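A short write-up of the structure that comes next.
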Amino acid sequence: MRMKKNALIVAGGSGKRMNANIPKQFLLLGNEPVLMHSIRAFFSYDKNINIVLALPESQFDYWKKLCSDYNFSIPHLLVAGGETRFNSVKISVEKISEGLVAIHDGVRPLVSLSTIERTFRLAKKQGNAVPIIGIDDSVRIVNKGGHAAFNRNQIKIVQTPQVFRVEEIKLACQQPYNPGFTDDATVLEAFGKEVFLIDGNVENIKITNPIDLIIAGAMINSFEK
């Protein structure tokens, strides 16, 4: 049975850690703003996907101007986000009626089509899917009593898109906000649901600091060669 596919792109960041005077999702990456790359990934995956974009209402006019300036015409519904990412997701999923929803960070512009496909496929089967990658560095656990080496094979980096059944993530978002909700998977787990993991892609970095934009730009350039 075919399930309706939705993508919820959440972009509420600022430019503080980027030392920029505009929010990081609007910074230029290659030939267009970061956020446009993120949206285009889902449209490239499925031209019929329903795309919802959560932005602070104060950024609506700037975003619309960017869309005009860059001739960005991919259809999407613009929704005013909340004070936290959790609240933005809670508000936005109410605009989605059925099927599966891929919740994605607006500042992860290099998610691969294969990662999107894997997460949707697993979520259709199991009810949800969370992409992860391993780490190559050695790690240590540090506490007040000192520190100790830790098996890096037990550490995974969590990415987005995280895909859920719409009705389940809606119910999970009715919980009171908890600072421990670091992503949507933790929200679902707190609701009593098991979370299922799947391979992500290493290029799918989150643009947080200036070096991330440089790295992402280098990868974009290598993809285009």
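The values are calculated or read from the model by the stated rules, or taken from the named source; none is laboratory data. In this text the structure is predicted, and so the values were computed from the model without any measurement. Every residue, glycine among them, receives a Cβ derived from its backbone with ideal geometry; neighbour counts consider all protein chains shown. Keep in mind that these areas ignore ligands, DNA and RNA; they rest on the heavy atoms of the full protein, side chains included. Shrake-Rupley method; radii C 1.70, N 1.55, O 1.52, S 1.80 Å.
Structure above, values below:
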quantity: Count of region 90-109 residues which are open to solvent by 30 Å² or more (accessible area, probe 1.4 Å) and either without any contact (Cβ under 8 Å) to a residue 40 or more places away in the chain or within 14 Å of the chain's Cα centre (by Cα) (or both); calculated: 1
quantity: Residue that is modelled with pLDDT of 95 or more and within 21 Å of Tyr45 (Cβ to Cβ), where the choices are Thr160, Thr186; calculated: Thr160
quantity: So Thr115, is it modelled with pLDDT of 95 or more, open to solvent by 10 Å² or more (accessible area, probe 1.4 Å), of a type in the set (Ser, Thr, Tyr) and part of a helix (DSSP H, G or I); calculated: no
quantity: Scan of region 183-225 for residues that are assigned to a strand (DSSP E or B) and in contact with a strand residue (DSSP E or B) (Cβ under 6 Å, 6 or more places away or on another chain), ordered by number; calculated: Leu197, Ile198
quantity: Selection within region 176-198 - of a type in the set (S, T, N, Q) and exposed (fewer than 14 other Cβ atoms within 10 Å of the Cβ); calculated: Asn178, Thr182
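Yes or no, residue by residue, for (1) among the small types (Gly, Ala, Ser); (2) modelled with pLDDT of 95 or more; (3) under 13 Å from the mean Cα position of the chain (by Cα):
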position: Ala7; (1), (2), (3): yes, yes, yes
position: Arg17; (1), (2), (3): no, no, no
position: Asn21; (1), (2), (3): no, no, no
position: Phe26; (1), (2), (3): no, yes, no
position: Phe42; (1), (2), (3): no, yes, yes
position: Tyr45; (1), (2), (3): no, yes, no
